[in-house]
Amino acid sequence: KNQVEQSPQSLIILEGKNCTLQCNYTVSPFSNLRWYKQDTGRGPVSLTIMTFSENTKSNGRYTATLDADTKQSSLHITASQLSDSASYICVVGLTGGGNKLTFGTGTQLKVEL
Amino acid sequence: NAGVTQTPKFRVLKTGQSMTLLCAQDMNHEYMYWYRQDPGMGLRLIHYSVGEGTTAKGEVPDGYNVSRLKKQNFLLGLESAAPSQTSVYFCASSYSWTGGYTFGSGTRLTVV
């Protein structure tokens with residue numbers, strides 16, 4: 001069964017600190033891995049998209065890594081801000097025709113003063 | 001820069017009532033999708049469309065119908081609402097299968 005598991009489920013950090021969110025997947029055949037940020041009451045917003053050949057991609061203070069061999073990805077947030085408080089969702093896409101995205105349940109991040 | 005617009009934002013239905021959710025995008029995307037998001041679960045695909053006049057079933061299509069009469073609009077209908085359809089519904093669009101998705105802000109639907 002294709003699955004995407006994220007850890008931790010929730011996380012509280014102080015403003016200015018760094019953090020790393022984890023994503024493990026069993027989805028196959030792999031096409032791409034995406035990270036989304038979802039603010040409360042809003043739709044997900046794309047942060048990064050990585051294909052099989054990419055092992056790191058950055059978007060400002062967000063850096064995603066991908067190890068396709070171990071089927072693991074991480075999202076590193078540098079110098080966190082209060083506005084980083086959100087749910088971060090890992091999504092894995094399959095190859096082949098048709099829409100094949102498997103969504104994780106997200107890591108709820110809270111940044112406090 | 002509207003992106004993807006969903007209407008309505010909130011709705012309460014009684015069991016057995018019907019309704020239509022509207023999704024409109026102004027990015028000329030070919031692909032459009034309807035997802036539902038429930039607590040403790042990842043987003044699940046209800047139906048999708050690969051172009052004007054086309055629709056296809058996703059992971060959880062039962063109880064829903066869709067139409068894509070115009071490229072920019074994707075409608076999701078609930079024929080006879082059930083409490084199990086209480087959820088937050090998101091519309092999304094993309095240029096291609098592997099491209100980034102742009103999501104709307106969601107419709108929170110409660111069926112009582």
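When region A:39-52 is filtered for residues that are open to solvent by less than 20 Å² (accessible area, probe 1.4 Å) and in a strand (DSSP E or B), the ones remaining, listed by number, are A:THR48, A:MET50.
I'd like to check something: does region A:67-77 contain any residue that is within 26 Å of B:GLY40 (Cβ to Cβ) and within 14 Å of chain B (Cβ to nearest Cβ)? For region A:67-77, residues within 26 Å of B:GLY40 (Cβ to Cβ) and within 14 Å of chain B (Cβ to nearest Cβ): absent. Out of B:PRO61, B:PRO83, B:PRO39, one residue alone is touching a residue at least 12 places away in the same chain (Cβ under 8 Å) and open to solvent by 30 Å² or more (accessible area, probe 1.4 Å). It is B:PRO83. Among the residues making up region B:69-81, those that are of a type outside the set (A, V, I, L, M, F, W, C), part of a loop (DSSP other than H, G, I, E, B) and either within 14 Å of chain A (Cβ to nearest Cβ) or under 16 Å from B:GLN17 (Cα atoms) (or both) are B:GLU79, B:SER80. Could you check region A:30-66 and list, in sequence order, the residues that are touching a helix residue (DSSP H, G or I) at 6+ places or on another chain (Cβ under 9 Å) and within 13 Å of another protein chain (Cβ to nearest Cβ)? Of everything in region A:30-66, those that are touching a helix residue (DSSP H, G or I) at 6+ places or on another chain (Cβ under 9 Å) and within 13 Å of another protein chain (Cβ to nearest Cβ) turn out to be A:LYS37, A:ASP39. Among residues that are in a strand (DSSP E or B), within 14 Å of another protein chain (Cβ to nearest Cβ) and open to solvent by 10 Å² or more (accessible area, probe 1.4 Å), B:VAL66 is included. Of A:VAL27, A:VAL91, all but one fail to be open to solvent by less than 10 Å² (accessible area, probe 1.4 Å), at pLDDT below 95 and within 14 Å of chain B (Cβ to nearest Cβ); the exception is A:VAL27.
Looking only at region B:99-112, residues that are over 16 Å from the mean Cα position of the chain (by Cα) and away from chain A (no Cβ under 13 Å) come to 2 in all. One residue alone among A:LEU66, A:LEU33, A:LEU75 is outside any loop (DSSP other than H, G, I, E, B), closer than 27 Å to A:LEU113 by Cα and open to solvent by less than 70 Å² (accessible area, probe 1.4 Å), and that residue is A:LEU75. For the residues B:SER84, B:SER96, the requirement of being outside any strand (DSSP E or B), more than 14 Å from chain A (Cβ to nearest Cβ) and out of contact with any Lys or Arg (no Cβ under 8 Å at 6 or more places or on another chain) singles out B:SER84. Checked against the criteria, A:LEU11 counts as at pLDDT 95 or above and within 23 Å of B:PRO39 (Cα to Cα).
Is it the case that A:SER58 is outside any loop (DSSP other than H, G, I, E, B), of a type in the set (Gly, Ala, Ser) and open to solvent by 70 Å² or more (accessible area, probe 1.4 Å)? So A:SER58 fits the description; yes.
The values are calculated or read from the model by the stated rules, or taken from the named source; none is laboratory data. Since the structure is predicted, the reported quantities are computational estimates derived from the model, not experimental observations. Please note: Cβ atoms are built from the backbone with ideal geometry, for glycine as well, and neighbour counts cover all protein chains shown. Calculation scope for accessible area: heavy atoms of the full protein, side chains included, ligands and nucleic acids excluded. Shrake-Rupley method; radii C 1.70, N 1.55, O 1.52, S 1.80 Å.
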